[in-house]
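Everything on this sheet refers to the single structure shown next.
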Amino acid sequence: MYAHIRRNPRFQELVAKRTRFAGILAAIVLIMFYGFVLLVAFAPGLIGSRLIEGSNLTFGIAAGLFQFIFFWVLTFVYVRRANGEFDDINKEIVQAAWKEEK
């Protein structure tokens with residue numbers, strides 16, 4: 001059964017698509033996270049600046065909160081695609097393997 005699945009060209013396509021998609025999302029997360037850390041290290045004045053005069057909300061707090069929200073959105077995007085496109089291809093592959101096995 002597993003040999004049938006591995007030989008299926010759709011399986012190779014699925015692995016390539018998932019790997020590429022996960023890699024892109026991981027790169028976005030790492031760039032945002034380390035970009036924020038670099039801002040804290042090299043631009044403390046920017047991080048500490050207030051968004052509105054007289055407010056206690058600083059750019060750093062707003063950027064940190066934005067990161068959390070953005071990471072949740074990226075997680076939603078990945079789950080949506082995984083439960084849609086990737087699962088559909090997976091079902092196709094498994095059905096084809098069952099047909100070949102019989």
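Observations
- Count of the range 79-95 residues which are closer than 17 Å to Arg6 by Cβ and of a type in the set (Lys, Arg): 1
- Here Phe11, Phe36, Phe68 are screened, and the one residue that is of a type in the set (Phe, Trp, Tyr) and under 30 Å from Ala96 (Cα atoms) is Phe11.
- Helices (runs of 4 or more DSSP H) fully within the range 1-99 counting 2 or more residues that are surrounded by 12 or more Cβ atoms within 10 Å (Cβ to Cβ), at positive phi and modelled with pLDDT under 95: none
The values are calculated or read from the model by the stated rules, or taken from the named source; none is laboratory data. The shown structure was predicted, so the numbers you read here are calculated from the model rather than taken from an experiment. Counting neighbours? That spans all protein chains shown, and the Cβs are built from the backbone with ideal geometry, glycine included.
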